[in-house]
């Protein structure tokens, strides 16, 4: 399986506190059946991680995984707050894509103007990037009116839901409406939010296509078993 949303980098944000916890998260991921993790540290007003430093941190973590014989591959990425998009040029955004794909993981906002979100996502697409909304099931606007999310998806925005929320009624409704494209752990630690997934098209086929820069086929996903 492939986990495209995981806060596994040590000391980067509110995820793994240190290398020891990163390695323990990696062990949990491997035991769950995950072979590849995309490290997606927060890029927001609270965590101002040097974007160019993410790739270096990922390389160092992969070295530690090799030394400790943990069979996990970590790729670089980020979870980007909508409010930070205005500050970033194409080169900077290119450093934050999921792996080497054109996909960007954008955090679904909890506050602010929904029209602002729509405009920012459209701007990303115009610039050649492909936005993926992280955990839209947590966004109050989408819970109040699902049609708001439907409109974004109709315009090419993809949705990544949290794997642990797949059995929630609202997430089931999203999936029945064709608004779920992949699932990920959004892991932050080893206990409360560990990097564990269950096999399905949402955790195998869909993320593989994302990392390859391919478009997703919802028809194929709808016929696959639920994670």
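The values are calculated or read from the model by the stated rules, or taken from the named source; none is laboratory data. This one's a predicted model, so the numbers in the text were calculated from it and none came from an experiment. Neighbour counts run over all protein chains shown; Cβ positions are idealised from the backbone, glycine included.
Tabulated values for the structure
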| item | result |
| --- | --- |
| Top-ranked residue in region 27-47 [being free of Cβ contacts under 8 Å to residues at least 60 places away in the same chain and touching a helix residue (DSSP H, G or I) at 6+ places or on another chain (Cβ under 9 Å); ranked as farthest from residue 103 (Cα to Cα)] | 45 |
| Residues being within 17 Å of residue 106 (Cβ to Cβ) and assigned to a strand (DSSP E or B) - total across region 164-200 | 3 |
| Positions within region 151-163 being surrounded by fewer than 18 Cβ atoms within 10 Å (Cβ to Cβ) and either in a helix (DSSP H, G or I) or without any contact (Cβ under 8 Å) to a residue 24 or more places away in the chain (or both), in sequence order | 151, 154 |
| Filter result for residue 101 (modelled with pLDDT of 95 or more and more than 18 Å from residue 23 (Cα to Cα)) | yes |
| Number of the condition not met by residue 11 [criteria: (1) in a loop (DSSP other than H, G, I, E, B); (2) under 19 Å from the mean Cα position of the chain (by Cα); (3) modelled with pLDDT of 95 or more; (4) surrounded by fewer than 19 Cβ atoms within 10 Å (Cβ to Cβ)] | (3) |
